[in-house]
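S.K.: Before anything else, here's the structure in question.
Please treat every number below as a calculation from the coordinates, not as lab data. The structure displayed is predicted, hence computed values, not measured ones. Every residue, glycine as well, gets a Cβ built from its backbone with ideal geometry; the counts of neighbours run over all protein chains shown.
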Amino acid sequence: MLITLKEAANRLKAADKILITAHVQPDGDAIGSTLAAMLMLRSIGKTAQIYVDDIARKNLQALPHFEEIRRPKDGEKFDADLLLVLDTSTDRIGNVRKLTDAPILNIDHHVTNKGGDGDLYLEPAAAATCEIVFKLADELDAPITPDVATCLYTGLATDTGFFQFSNTRAETLFAASELIRCGVSPNFISEELERKSLAEVMGLRAALNSLKMYYGDKVAVMTIDHATAKTFDSTEGFIDEIRVIDTVDVAFLITEKAPNFCRVSMRSKGVDVSKIAAKLGGGGHLRAAGCTLKTTLAEAERLLVAAIGEAL
Ligand code: AMP
Ligand code: MN
Ligand code: MN
């Protein structure tokens, strides 16, 4: 059921033990929003614990309280009276679903979130889930400490490409401004996030070498095979290197995370890539979306090129 932010806050106020989670392959918004929510809920007297069924990229580990995030173990249970799912629909949280049978409160900004599993506060115009959690602090009367502010600012910054993408709106910059007032150091966050290992830069070189253009150079595709992919932990920012090509409307990055398991990132300047991603079992936003394909790298590329051909 769709609910308002005030109703979402009331669900949280009525609960005592809250299990918080976000999507697998967690990004800055997933980790930032869960950490901020955990700290805010604790500050108003709740028991709150984060579980995420994946490993986050190294850069995010500098966030305050990151070390408290747990990964569910086989057969593990967690005693909770509410499951708070952030930055995703409830079907992308892996084995966290098995930790509890508690009712679900879902807070998200993905236009492709169809809900149907518990209560959903959806705000597709929000640049990041962190932008929503920032407003939630007010509804909960929870203080925005410097740690909370650092986590929230990280999600705003990562989901907007440091306030450059079209999802950046006045509310986003208002939130960022307030968060700086609350103690954020923007340079600390950007320096942590931009750091790359040598293997990652070499991976970017390999990815650029794989670049192929389709449909009169409107579509750019980069691939990373498994042997290369396993040498580093994140492809954050890679796709931006080809998205900027002047003729490009749609860019794809296909990463072979494991044999027959490819993760796809999509970026667009016009075409609605969330529709293409949803058709292939994924989701996302108008200009940034993704999906996972259980195929070889070559087959994934063929599928994507065919799907985008229909959309252009
Ligand atoms: P990324 O390319 O990983 O930065 O993802 C771009 C956007 O698409 C983000 O908002 C993701 O949450 C969303 N997204 C990526 N992969 C998936 C997927 N398999 N299912 C649903 N949404 C996805
Ligand atoms: Mn996310
Ligand atoms: Mn997000």
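S.K.: Would you be able to say whether some residue in segment 14-24 is of a type in the set (Gly, Ala, Ser) and closer than 29 Å to Leu193 by Cα?
M.R.: Checked segment 14-24: at least one residue is of a type in the set (Gly, Ala, Ser) and closer than 29 Å to Leu193 by Cα.
A quick yes/no check of all residues on (1) surrounded by 15 or more Cβ atoms within 10 Å (Cβ to Cβ); (2) within 16 Å of ligand 3 (Cβ to nearest atom); (3) hydroxyl-bearing (Ser, Thr, Tyr); (4) not in a loop (DSSP other than H, G, I, E, B):
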| site | (1), (2), (3), (4) |
| --- | --- |
| Asp217 | no, no, no, no |
| Met222 | yes, no, no, yes |
| Thr247 | no, no, yes, no |
| Phe252 | yes, no, no, yes |
| Glu299 | no, no, no, yes |
| Leu303 | yes, no, no, yes |
| Gly309 | no, no, no, yes |
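S.K.: Filter segment 254-297 for residues that are within 16 Å of ligand 3 (Cβ to nearest atom) and among the charged types (D, E, K, R) and give the result.
M.R.: If the condition is that a residue be within 16 Å of ligand 3 (Cβ to nearest atom) and among the charged types (D, E, K, R), then Arg267, Arg287 are the ones that fit.
S.K.: Quick check on segment 217-233. Is at least one of its residues more than 30 Å from Leu312 (Cβ to Cβ), in contact with a Ser or Thr (Cβ under 9 Å, 6 or more places away or on another chain) and not polar (S, T, N, Q)?
M.R.: Step one: of segment 217-233, the residues more than 30 Å from Leu312 (Cβ to Cβ) are 227, 230-233.
Filter once more, so that each one left must be in contact with a Ser or Thr (Cβ under 9 Å, 6 or more places away or on another chain): 231-233.
If we keep only those that are not polar (S, T, N, Q) as well, we get 232-233.
Looking for residues that are more than 30 Å from Leu312 (Cβ to Cβ), in contact with a Ser or Thr (Cβ under 9 Å, 6 or more places away or on another chain) and not polar (S, T, N, Q), one finds at least one in segment 217-233, hence yes.
S.K.: Spot the failing condition for Ser274; the list is (1) closer than 19 Å to Pro124 by Cα; (2) assigned to a loop (DSSP other than H, G, I, E, B); (3) hydroxyl-bearing (Ser, Thr, Tyr), and only one is missed.
M.R.: (2)
S.K.: Can you pull out the residues in segment 99-155 that are within 20 Å of Ala170 (Cβ to Cβ), aliphatic (A, V, I, L, M) and part of a helix (DSSP H, G or I)?
M.R.: Ile132, Val133, Leu136, Ala137, Ala149, Leu152
S.K.: On to the next question. Mind counting the residues in segment 17-51 that are away from ligand 3 (no atom under 15 Å from the Cβ) and in a loop (DSSP other than H, G, I, E, B)?
M.R.: So the answer is 3.
S.K.: Still on this structure, please answer the following. For Leu173, work out the one condition from (1) in a helix (DSSP H, G or I); (2) within 16 Å of ligand 2 (Cβ to nearest atom) it doesn't fulfil.
M.R.: Every condition holds for Leu173 apart from (2).
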